[in-house]
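For reference, the structure is listed below as structure tokens.
The values are calculated or read from the model by the stated rules, or taken from the named source; none is laboratory data. Quantities reported herein were computed from a predicted structural model and do not represent experimental measurements. Cβ: placed from backbone, ideal geometry, glycine included. Neighbour counts: every protein chain shown.
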Amino acid sequence: MDFALSDEQRLLRDSVERLFADRYAFEARRHYAQEPGGYSHDLWALYAELGLLGLPFAEEHGGSAGGPVETMIVMEAIGKALALEPYLATVVLAGGLLRLGGSEKLRAELIPRIAAGDLTLAFAHAERQSRYDLADVATSARRDGGDFVLDGAKSLVLHGDSAKKFIVSARLNGARNDHVGLGLFLIDAAASGVTTRGYGTVDGLRGAEVQLANVRVPAGASISEPGAAFPLIERVADAGIAALCAEAVGAMAAMHETTVDYMKTRKQFGVTIGSFQVLQHRAAEMLVALEQARSMAMLATMMADADDPRERRATISAAKVQIGRSGRSVGQAAIQIHGGIGMTMEAKVGHYFKRVTTIDTLFGDADHHLGLLAASGGLIAA
């Protein structure tokens, strides 16, 4: 199979890498984190100017009809730069729900605004009790005339404190863990009854707790068919995991490169520590773990749009297991080789490790996905 990028994809990769090389030095990232929303709004406008925000959307909505490979390219560059902007939350997750499940009216109204950088969204789905179960939703939605009324609470909504709109999952009927009975609803962040509490996360990004109290949503703001939204939630979560795998590969590649450069300059006993054979072996092991993760991230990208949910889910879970294990292996080696300096806030290698550790927990950690993979019969059916 040919894994080479097309000319257009190579141009996209070069453009994104050049953007981050020019604008995302480590010290600049600290400055961006202090801006409202925890990211650079000027850079977000540049994302739009380069066409990154419209990448996966149809051309009639202001996009460029890109696929999972294009998303992988952007997310890997985001991982290398430790970028703070809400690309995953707005374009991949909430944007994916709109693209795959929104009405033509909603897509025509909102997607051009996303592509232009005027609208940020967040997917409000996880709840405190749900852990990693996508179907565990206690937030309720009841019909009231032609509208829906939502009550409940959402936890760790990625970039929820800066989003202008939320796509909220809620249960219309069924038990709390049922796969049937779920709906998705588009609401304004400033709507009556919506309360948002933002906070910084351990990796330097932003999250929010969202409370919903008698929030009225018109029927036209429903995403997908009310009561039958779980397959869409599952599909977009899989696409999000594939994107996170690519981001983790970018972060691991940066950790490996930073560590090798450090080994070439740091001296001990009068020689560079890179001359020590045991550290050379450790750096080689980091590279092996990185390449294993890269291979599985590419496989997840290829399967992100697969129609067979069993095959897609098994592949995504296998990739998440490898990403979690490789991220821990590469990160621990990078910190150990850097020594005490690797634990300081001034050393960027520690920030990369925080990000890959967070990625491991998003949508289920390695242990969780290993269990899912075993329960499904494995990546390759017997």
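For segment 143-155, a residue qualifies if it is at pLDDT below 95 and out of contact with any Lys or Arg (no Cβ under 7 Å at 6 or more places or on another chain), and the qualifying residues are Arg143, Asp144, Gly145, Gly146. Scanning segment 132-151 for residues that are farther than 17 Å from Gly227 by Cα and in contact (Cβ under 8 Å) with a residue 60 or more places away in the chain yields one hit, Tyr132.
Does Arg216 satisfy the criteria of being outside the structural domain of Gly67 (by TED's automatic domain parsing), in a helix (DSSP H, G or I), at pLDDT 95 or above and of a type in the set (Lys, Arg)? Against the criterion (outside the structural domain of Gly67 (by TED's automatic domain parsing), in a helix (DSSP H, G or I), at pLDDT 95 or above and of a type in the set (Lys, Arg)), Arg216 does not qualify. The single condition among (1) at pLDDT 95 or above; (2) not polar (S, T, N, Q); (3) not assigned by TED's automatic domain parsing to the domain that holds Met303 that Arg176 does not satisfy is (1). In the set (1) surrounded by fewer than 20 Cβ atoms within 10 Å (Cβ to Cβ); (2) of a type in the set (A, V, I, L, M, F, W, C); (3) part of a strand (DSSP E or B); (4) in contact with a helix residue (DSSP H, G or I) (Cβ under 9 Å, 6 or more places away or on another chain), Ala122 fails one condition alone, (1). Return yes or no: is Phe363 under 30 Å from Gln129 (Cα atoms), at pLDDT 95 or above and not in a helix (DSSP H, G or I)? So Phe363 fits the description; yes. Screening segment 328-357 for residues that are out of contact with any Leu (no Cβ under 8 Å at 6 or more places or on another chain) and within 18 Å of Ile78 (Cβ to Cβ) and picking the one that is modelled with the lowest pLDDT gives Val349. Tell me, please, whether a residue that is among the hydrophobic types (A, V, I, L, M, F, W, C) and not in a helix (DSSP H, G or I) can be found in segment 286-294. No, segment 286-294 contains no residue that is among the hydrophobic types (A, V, I, L, M, F, W, C) and not in a helix (DSSP H, G or I). Of all residues in segment 4-44, those being surrounded by 14 or more Cβ atoms within 10 Å (Cβ to Cβ) and hydrophobic (A, V, I, L, M, F, W, C) number 9.
A single entry from Ala190, Ala208, Ala219 fulfils the requirement of being among the small types (Gly, Ala, Ser), over 29 Å from Thr315 (Cα atoms) and crowded, with 19+ Cβ neighbours inside 10 Å: Ala208.
Does segment 144-165 contain any residue that is surrounded by fewer than 20 Cβ atoms within 10 Å (Cβ to Cβ), among the basic types (Lys, Arg), within 20 Å of Asp238 (Cβ to Cβ) and out of contact with any Pro (no Cβ under 8 Å at 6 or more places or on another chain)? The answer is no, given that none of the residues of segment 144-165 is surrounded by fewer than 20 Cβ atoms within 10 Å (Cβ to Cβ), among the basic types (Lys, Arg), within 20 Å of Asp238 (Cβ to Cβ) and out of contact with any Pro (no Cβ under 8 Å at 6 or more places or on another chain). Of all residues in segment 241-269, those that are part of a loop (DSSP other than H, G, I, E, B) and at negative phi total 1. Does Ala306 satisfy the criteria of being part of a helix (DSSP H, G or I), over 24 Å from Asp203 (Cα atoms) and free of Cβ contacts under 8 Å to residues at least 12 places away in the same chain? Answer is no for this residue.
Here is a yes/no grid of residues against (1) outside any loop (DSSP other than H, G, I, E, B); (2) without any contact (Cβ under 8 Å) to a residue 24 or more places away in the chain; (3) outside the structural domain of Gly200 (by TED's automatic domain parsing):
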residue	(1), (2), (3)
Asp42	yes, yes, yes
Ala45	yes, no, yes
Gly63	no, no, yes
Glu70	yes, no, yes
Glu76	yes, no, yes
Lys80	yes, no, yes
Leu88	yes, no, yes
Leu98	yes, no, yes
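Please name all residue pairs, on different chains or six or more residues apart, with Cβ atoms under 7 Å, provided the first residue is in segment 182-196 and is at positive phi and the second residue is in a strand (DSSP E or B). As it stands, the answer is Gly193/Leu212; Gly193/Ala213; Gly193/Asn214; Gly193/Val215, since those pairs meet every condition given.
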